[in-house]
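First comes the structure, then the notes that go with it.
The values are calculated or read from the model by the stated rules, or taken from the named source; none is laboratory data. Remember, it's a predicted structure, so these values are computed and weren't measured experimentally. Ideal geometry is used to build each Cβ from the backbone, glycine not excepted, and the neighbour counts take in all protein chains shown. Just the protein is used for accessible areas: all its heavy atoms, side chains included, with ligands, DNA and RNA removed. Shrake-Rupley method; radii C 1.70, N 1.55, O 1.52, S 1.80 Å.
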Amino acid sequence: MSNFRRRFVSLIMTAVMLLCYVGFSLCASAVSRVASLKVSSTTQTTVTVKWDKVASANSYRVYRYDSKTEKWTHIKSTKSTQFTEKELSPGKQYIYGVKAVAKENGKNVGSKMSKKAVAVTKPKTVKGLKASSKSATSITLKWNKLSGVRGYAVYRYDSSTKKYTLIERTLSNSYKVKNLKAGTSYTFAVRAYVKYSSLTYGSYSSKLKVKTASAASAVKNPGVPTGLEGAENSSNGIRLKWKSVSGATGYEVYSYDASNGSWVYEGSCTGTVYTVKNLTETSHYKYKVRAYKTVDGNKYYGDFCESVTVAYNSGVNDSIYSEEMEKSGVFGYLFDPDELYFYTADDPWQRNVGYNSIFDTTSNIALIDFDTVRLRFEYGGKDWMIQLWKGQYGLLFYGAEVGVYTKSKDRELMHYDCASDDEMLKMSMDFLEKKNGTWTRRFTRPYGYYWWCTGFIPGNKWGDYSGLGLDMRITAKDEDMLKGLKVALEQNNMQYRVSGLDVYFSYR
């Protein structure tokens, strides 16, 4: 074949290939590619994407890219030029693509994939923003920790401009704002953020307004009053006195309210003597005092002193109480001259008898009548029982008892032994009486070891003991005993609170 011929054939083939290429290109580009795909909005759980309309398209296919498998997943077909995906995870990245679809020769033909649109959902909103501490020049902010976030941005809010100013970003769920002015109010907010190619923030937390302490907060609090004592005053009251505290502006006096176990403000004074007036009930009253210092109109308090208990007699004849009672007791019972009650000795003859419920059943023979509750539990391989009584003891006295008893588990007879010295429990007992709707403490058996904790005062309450009550503190020997005692209280529907091995409860 001549060179001319070869060249001619080559030109013809080249022309055919060009025509085929142009024809193929025209066919492939019959459906235009989606342009301007972008993320129009995001929330914590949704992403909305939008794109420009393609003239030849009758619908669109929306895809999400999986970076792990490196594949596109078709998630929706739509005739709209926007799409919202819901139920997504907060603070996560999502990548979208869209293809336009058109009819060609009766078939749906898709365009090439659009350019990617990258969206990040907003992280969750910070909750629980509070000031955990503050001083005159700083405020420490704290909030609930969020999982799946990179960190937190702390802002100061200006209510006049209604704008947030970024203070700092932190990886912790707390931040100390420093260099603040004393006695000044500030408003803060926090929002979480995640980081992919850039930072994406969640919504602002609820605003927190907090005021720094005054400059006087650096003032040293006054000391604790000492030497508090009290005595009955002739003008229907109790006179309290104590030693002065250096630098104190004044003092506040509080009394103990046995009805709810709280301390109640009585009044204040600038001196070291205070008289509680207008007392009407014969009882024992408990008081404590604290000093305060006034700086720039603010009060700064010291700690309370040790409380003092003072007996007050509204008119009952004290002649029934004698020195002989204090020294030798009456009918084998000892007498407390400070709080005016009788009680049993540590080791009376009754300790050799033990306890049996038949004693309670036959007690009326001795003119003894009461309400009682039995707290039974197992501990140390024995059956334990703590029994509480309140009521009338003969014609002349009323009061209360708390007994501690044990028996071996193989003893079928329900007869208990009085607790041995090793089995005695530490406890205290406040005996209360309700008058005119108010519970008043009549006496206290001090905190110590007891197997039988008792107290009795003259009077007659025969038949109605709803106005008598006990406030108890019992210290368990260990966690096993504590567990048993709690179960026993719950079985008797008695409310209690626990502090360490101490159990506090009332019997009323």
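Key figures for this structure:
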{"read-out": "Sites residue 95 and residue 56 - FRET efficiency at Förster radius 25 Å, r taken between beta-carbons, to 0.05", "value": "0.45"}
{"read-out": "In region 236-309, the GluC sites (Glu not before Pro) that fall in loop regions by DSSP, at most 15 other Cβ within 10 Å", "value": "281, 306"}
{"read-out": "Loop sites in region 229-298: chymotrypsin sites (Phe, Trp or Tyr not before Pro), DSSP, at most 16 other Cβ within 10 Å", "value": "none"}
{"read-out": "Three-way shape call for region 42-84 based on the alpha-carbon gyration tensor, with the a/c threshold at 1.5", "value": "oblate"}
{"read-out": "Phi to ³J(HN,Hα) by Karplus 6.51 cos²θ - 1.76 cosθ + 1.60 over region 302-308, Hz, x for Gly, Pro", "value": "x, 6, 6, 7, 4, 6, 10"}
{"read-out": "Degrees between helix 3-28 axis and first principal axis of the chain (Cα, 0 to 90, nearest 10)", "value": "40 degrees"}
{"read-out": "Cβ crowding within 10 Å averaged over residues, with 494-500, 445-451 ranked highest first", "value": "445-451, 494-500"}
{"read-out": "Residue pairs, from the table 79/195; 68/112; 116/162, whose Cα atoms sit over 32 Å apart", "value": "79/195; 116/162"}
{"read-out": "Amide hydrogen neighbours beyond the local backbone of residue 92, cut-off 5 Å, H modeled", "value": "121"}
{"read-out": "Long pairs among 426/486; 86/163; 277/390; 130/178; 142/293; 435/486, criterion Cα-Cα beyond 24 Å", "value": "86/163; 277/390; 142/293; 435/486"}
{"read-out": "Calculated FRET value between residue 498 and residue 306, using beta carbons and R₀ = 25 Å, to 0.05", "value": "0.55"}
{"read-out": "Structure-based [θ]222 nm, the chain - -39500 (n - 2.57) summed over DSSP H runs of at least 4, per residue, nearest 500", "value": "-3000 deg cm²/dmol"}
{"read-out": "Separation of alpha-carbon centers, region 69-85 and region 394-473, rounded to whole Å", "value": "78 Å"}
{"read-out": "Using alpha-carbon coordinates, inclination of helix 479-491 to the longest axis of the chain, degrees", "value": "80 degrees"}
{"read-out": "Carbon and sulfur %, accessible surface of region 63-154 computed with the full protein complex present, 1.4 Å", "value": "44 percent"}
{"read-out": "Length gained when the stretch residue 195-residue 82 is fully extended (0.36 nm per residue, less Cα-Cα span)", "value": "38.1 nm"}
{"read-out": "Label-point separation in nm, residue 33 to residue 508, each point 7 Å along Cα→Cβ", "value": "8.3 nm"}
{"read-out": "Using θ = phi - 60° and Karplus 6.51 cos²θ - 1.76 cosθ + 1.60, couplings along region 426-434 (whole Hz; Gly, Pro as x)", "value": "7, 7, 9, 9, 9, 9, 10, 9, 9"}
{"read-out": "Under Karplus coefficients 6.51, -1.76 and 1.60, residue-wise ³J(HN,Hα) of region 147-154 in Hz, glycine/proline x", "value": "8, x, 10, 7, x, 9, 10, 9"}
{"read-out": "Zone of residue 298's modelled label, taken as backbone nitrogen in region 159-193 under 16 Å from a point 7 Å along Cα→Cβ", "value": "179-186"}
{"read-out": "Rough spin-label spacing in nm, given labels placed 7 Å along Cα→Cβ, for residue 421 and residue 107", "value": "10.5 nm"}
{"read-out": "Share of alpha-carbon pairs per 10 Å distance bin for the chain, given as whole %", "value": "3, 12, 14, 12, 12, 11, 10, 8, 6, 5, 3, 2, 1, 1, 0, 0"}
{"read-out": "Net dipole in debye of the chain [+1 Lys, Arg Cβ; -1 Asp, Glu Cβ; about Cα centre; nearest 20]", "value": "7500 debye"}
